[in-house]
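Shown next, in structure tokens, is the structure this report addresses.
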Amino acid sequence: MKICVIGTGYVGLVAGACLAASGHLVTCIDTDEEKIALLRRGRSPIYEPGLDALLERNVAQRRLAFSTGYGPVADAEVVFLAVGTPAGEDGSADLSHLLAAARQAAPALRGDAVLVVKSTAPVGTAEQVAALVAREGGAAVDVVSNPEFLREGSAVDDFLHPDRVVIGSGSQRARRTMAEVYAPIVSDESPILFMDNRSAELTKHAANAMLATRISFMNDVALLCERVGADVSLVRDAVGADRRIGSAFLHAGVGYGGSCFPKDVAALVSTGREHGVDLEILKAVERTNERQKLVLLRKAVRHFRSLAGRSFAVWGLSFKPGTDDIRESPALALIEGLAGKGARVRCHDPVAEPAAMRHFRKAGAQIAYADGPYDCAEGAEALFVVTEWSQFRRPDLARLRQVMRTPVIFDGRNLFDPAELREAGFVYYGVGRAAPPPAAPPAAGRRPRATARRAQELAAARNAPAAREAPPSPRGSRAASPRRRSAPPRGPHAPRRRPRATR
């Protein structure tokens with residue numbers, strides 16, 4: 001089939017490349033001339049495992065082409081709208097780019113074409129697009145809602161081997177066309193689920209909101225674990241073993257980020273508000289996630305008291321491994337918090353450093369970067385692990401301790417075994433795990449030795465051969481003078497002495 005995909009962002013580019021790999025003739029359209037020139041050479045402007053090879057192969061085989069104009073729409077049997085729908089200030093989706101793309105495509109659409117909303121959009125969007133196209137182009141084309149369920153870092157595999165394909169349309173002709181589009185991809189294990197447009201639109205937001213809820217729930221449990229002395233990793237294993245619950249998305253940590261979960265939760269809350277439904281659980285999910293992004297910063301403040309002038313290392317900048325996407329990444333909130341308290345920060349990420357450089361340069365923050373994890377940790381007073389890249393999971397602990405100034409680790413993803421880290425000489429803080437044991441309290445009835453100097457003075461007093469003949473100590477110091485054996489006589493107006501505590 002001849003297919004057009006309008007938009008070469010994350011969703012549009014993956015969809016276009018995968019549809020071409022499935023045997024369709026695909027043209028991707030974008031107004032960014034520099035991006036299109038890059039794509040025509042078979043190179044991807046985004047980092048996604050497997051995508052470069054897919055682009056190069058299908059461009060070479062002439063199944064995938066790119067255009068800056070809307071001319072190819074006239075020959076397309078199916079046109080996908082895959083442009084951004086960013087969140088507005090109130091959490092609602094901004095549909096301006098989506099509607100602009102539909103308006104530009106409308107005059108060129110064939111009368112028998114199917115227009116597919118692939119962008120994540122709120123309930124009622126397909127109806128809005130259909131009305132706009134009929135008004136602008138005069139053709140009453142079928143508009144389908146076909147939400148994406150792609151995970152960054154495994155998007156190519158998710159598209160080619162989906163759990164399910166959701167198609168929202170009341171038109172039998174449109175349903176048959178979409179079944180043909182996905183015929184090379186779907187199977188008995190990954191069926192097409194046909195439904196009405198509004199149900200399909202709501203499904204996307206509800207699915208991501210459910211996953212976000214599981215994450216925030218486990219982070220609330222992690223907070224309770226720390227207070228009561230439990231280990232959230234053990235709790236998760238036991239809870240996740242229940243077949244009714246499962247273990248996916250129950251990992252405690254520094255919260256979720258990316259372009260989907262934060263935006264989709266906010267959009268669903270906004271949709272509920274518009275229709276008079278107060279989604280209290282999802283509001284709590286948002287609050288918990290914002291709190292969690294700063295959990296390591298709070299632990300660092302408790303450990304060091306003051307962060308000003310200290311040097312820290314951060315491993316991981318992307319919101320998850322397998323992507324260079326830093327949108328809503330917990331690492332950004334942590335780094336901004338550390339820098340805001342006067343700390344020096346050096347970061348390392350396998351692929352996301354260029355994006356972070358642009359972000360922090362725009363924000364005016366002075367952040368350093370390192371080529372590798374051990375270079376990053378050189379001279380650091382603490383290491384913060386934020387993204388669970390595989391290369392961070394089994395570090396050389398001896399080497400790491402050698403290069404760090406002080407061996408303190410704040411593990412935001414619970415990658416490490418606390419016992420192993422502490423045995424290697426590190427002070428270890430996880431999320432939802434018991435904190436390092438406090439220093440042993442002094443024996444009952446004894447005053448603590450405040451400083452090393454105090455201890456030396458006491459030792460000198462005990463070991464001096466003529467301690468009783470030693471000159472009196474300076475005023476305010478009792479270390480060098482022997483304890484008086486009897487109280488001096490008191491006058492009638494002298495203050496009463498407090499009785500000595502018994503041991």
Taking Cα atoms of segment 242-306, Rg/Rh with Kirkwood Rh, to two decimals?
-> 1.10
For segment 229-298, what relative contact order do you get, as a whole percent, if you take Cα pairs closer than 8 Å and at least 6 residues apart?
-> 28 percent
Placing +1 at every Lys and Arg Cβ and -1 at every Asp and Glu Cβ, with all other atoms neutral, what dipole size does segment 364-416 have around its Cα centre, in debye to the nearest 20?
-> 180 debye
Relative contact order (percent, whole number), segment 264-410, Cα cutoff 8 Å, 6+ residue spacing = 24 percent
Under the Karplus relation with 6.51, -1.76 and 1.60 and θ = phi - 60°, whole-Hz ³J(HN,Hα) for segment 59-73, x at Gly and Pro, equal 5, 4, 8, 6, 9, 10, 10, 9, 8, 9, x, 9, x, x, 4
How about residue 2: which lysines have a C-alpha closer than 20 Å to its C-alpha, ignoring those fewer than 8 places off in the same chain?
-> 118
Yeah, segment 8-154 with a ≥ b ≥ c from its alpha-carbon gyration tensor (a/c under 1.5 is rounded, else prolate when a/b outruns b/c, oblate otherwise) is oblate
Which order do peptides 353-363, 1-11, 102-112 fall in by mean Cβ count within 10 Å, highest first?
-> 1-11, 102-112, 353-363
Under-5 Å amide H pairs with residue 87, H placed in peptide plane, nonlocal only = 94
Accessible solvent surface per residue of the chain, calculated while the other protein chains remain in place, 1.4 angstrom probe, Å² = 52 Å²
Can you list the residues, at least 5 places off or on another chain, whose amide H is less than 5 Å from the amide H of residue 318, using H built in the peptide plane?
-> 352
Tally up the carbon and sulfur contribution to the accessible surface of the chain as a whole percent, 1.4 Å probe, everything protein left in place.
-> 52 percent
With a point put 7 Å past each Cα toward its Cβ, work out how far residue 394 is from residue 187 in nm, to one decimal.
-> 3.1 nm
If R0 is 35 Å, what FRET efficiency do you get for residue 341 and residue 37 from their C-beta distance, rounded to 0.05?
-> 0.20
Put +1 on the Cβ of every Lys and Arg and -1 on every Asp and Glu Cβ in the chain; which of 234, 312, 174 then has its Cα farthest towards the positive end of the dipole?
-> 312
With +1 on each Lys and Arg Cβ and -1 on each Asp and Glu Cβ, and nothing else charged, work out how big the dipole of segment 104-218 is about its Cα centre, in Debye to the nearest 20.
-> 240 debye
Taking Cα atoms, the helix 10-21 axis meets the longest principal axis of the chain at an angle in degrees (rounded to 10) of 50 degrees
Once phi is turned into ³J(HN,Hα) by the Karplus curve 6.51 cos²θ - 1.76 cosθ + 1.60 with θ = phi - 60°, what whole-Hz value does each residue of segment 387-398 show in order, with x for glycine and proline?
-> 10, 8, 4, 4, 6, 9, 6, 10, x, 6, 5, 5
Amide hydrogen neighbours beyond the local backbone of residue 116, cut-off 5 Å, H modeled | 79, 80, 81, 144
Computed about the Cα centre, the charge dipole of the chain from +1 Lys/Arg and -1 Asp/Glu charges at the Cβ has a magnitude in debye, to the nearest 20, of 5180 debye
When the charge dipole of segment 287-364 is computed with +1 at the Cβ of Lys and Arg and -1 at the Cβ of Asp and Glu, the Cα pointing farthest to the positive end, of 300, 333, 288, is that of 300
Taking Cα pairs under 8 Å and at least six residues apart, what relative contact order does segment 1-48 come out at, in percent?
-> 36 percent
A chain fully extended from residue 287 to residue 74 at 0.36 nm per residue, minus the present Cα-Cα distance, gains in nm 72.0 nm
Principal-axis tilt of helix 261-274 within the chain, Cα atoms, nearest 10 degrees = 70 degrees
Convex hull (Cα only) mean projected area of the chain, reported in nm² to one decimal | 34.7 nm²
Give me the angle, in degrees from 0 to 90, between the Cα long axis of helix 353-363 and the longest principal axis of the Cα atoms of the chain, rounded to the nearest 10.
-> 80 degrees
List, in order, the whole-Hz ³J(HN,Hα) value for each residue of segment 74-85 obtained from phi through the Karplus relation with A = 6.51, B = -1.76, C = 1.60 and θ = phi - 60°; use x for Gly and Pro.
-> 5, 9, 7, 7, 9, 10, 9, 9, 9, 9, x, 10
Please work out whether segment 168-222 counts as rounded, prolate or oblate from its C-alpha gyration tensor, where a ≥ b ≥ c are the square roots of the eigenvalues and a/c under 1.5 means rounded, while otherwise a/b larger than b/c means prolate and anything else oblate?
-> oblate
Classify segment 65-126 as rounded, prolate or oblate from the Cα gyration tensor: take a ≥ b ≥ c as the square roots of its eigenvalues, call it rounded if a/c is under 1.5, otherwise prolate when a/b beats b/c and oblate if not.
-> prolate
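The values are calculated or read from the model by the stated rules, or taken from the named source; none is laboratory data. None of these values were measured; they are calculated from a predicted model. Glycine also receives a Cβ, built like all others from the backbone with ideal geometry; neighbour counts cover every protein chain displayed. The accessibility values were calculated without ligands, DNA or RNA, using every heavy atom of the protein model including side chains. Shrake-Rupley method; radii C 1.70, N 1.55, O 1.52, S 1.80 Å.
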